[in-house]
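> This is the structure I have questions about; it appears just below.
Coordinate-derived values only; no laboratory data. These numbers come from a predicted model, not from an experiment. Heads up, the Cβs are rebuilt from the backbone with ideal geometry, glycines too, and the neighbour counts pull from every protein chain shown.
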Amino acid sequence: MMNESEQKLFDALVRARLAADRLGPATDQVTETIAKIERALEEARFGVSGSIGLRSEAWEMDDETRSSEVQLAFRKEGKRWMLMIDSQNPYDDEHWQSTPLVNASRELRVLAVQKLPDLVDALANAAEARLAEVTDAQRRADDLLAALAADPVASAVKEKKP
């Protein structure tokens, strides 16, 4: 017979094992859903990249506080649009490591799912900004084309001929 302390430990071990047995399949389900979200974002054809902050970390190193940033991004990698985790190297601010979200740690996948609506909002903002840029470029191109068609140089040359 177990004493109360041993029983609590035994019960905790049983609970932990039961949870662990369910954690793998639950994580697999989240990963499958992330892959489906990634495909849906790709099929939406936003045509823009975007990223948001996911987590910041700070460390005390050699009497100096160093920090690194982890971002959730959606961008074109090769020929595919993918959800990515970008992690800043705390020892070298200029270098980042990128990992497809579906291959990131369980912790980052769960955190990313919570932030995906913010990323979609950032993508919408980026698409609207890109549309404004393209619309402005078209207006400028149309103005230049109209000026070239009017051929103001030829008119000015004719006026200056004796």
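> Can you compute the charge dipole magnitude of segment 42-134 about its Cα centre, using +1 on each Lys and Arg Cβ and -1 on each Asp and Glu Cβ, nothing else charged? Give it in debye, rounded to the nearest 20.
760 debye
> Out of [x] 19.8; [y] 20.8; [z] 21.8, which label holds the value of Kirkwood radius over Cα pairs in Å that was computed here?
Structure-derived value, by its label: [y].
> So how far apart, in nm, are the two label points at residue 6 and residue 132 if each is 7 Å from Cα heading toward Cβ?
7.1 nm
> Could you compute the longest span of the chain free of trypsin sites (Lys or Arg not before Pro) located in DSSP loops and having at most 11 other Cβ atoms within 10 Å, not counting the site residues?
80-162
> With n ≥ 4 as the cut-off for DSSP H runs, can you work out [θ] at 222 nm for the chain, using -39500 (n - 2.57) per run divided by the number of residues, rounded to the nearest 500?
Value at 222 nm, helices only, nearest 500: -21500 deg cm²/dmol.
> Oh, and also: Using the Karplus equation 6.51 cos²θ - 1.76 cosθ + 1.60 (θ = phi - 60°), what ³J(HN,Hα) coupling, rounded to whole Hz, does each residue of segment 40-56 give in order, writing x for Gly and Pro?
After applying 6.51 cos²θ - 1.76 cosθ + 1.60, I find 5, 5, 5, 5, 5, 6, 4, x, 9, 9, x, 8, 9, x, 10, 6, 10 Hz.
> A follow-up question, please. Using a 10 angstrom cutoff on alpha carbons, build the Gaussian network for the chain and name the most mobile of 47, 78, 24.
Comparing 47, 78, 24 in a Gaussian network model of the chain, the most mobile one is 78.
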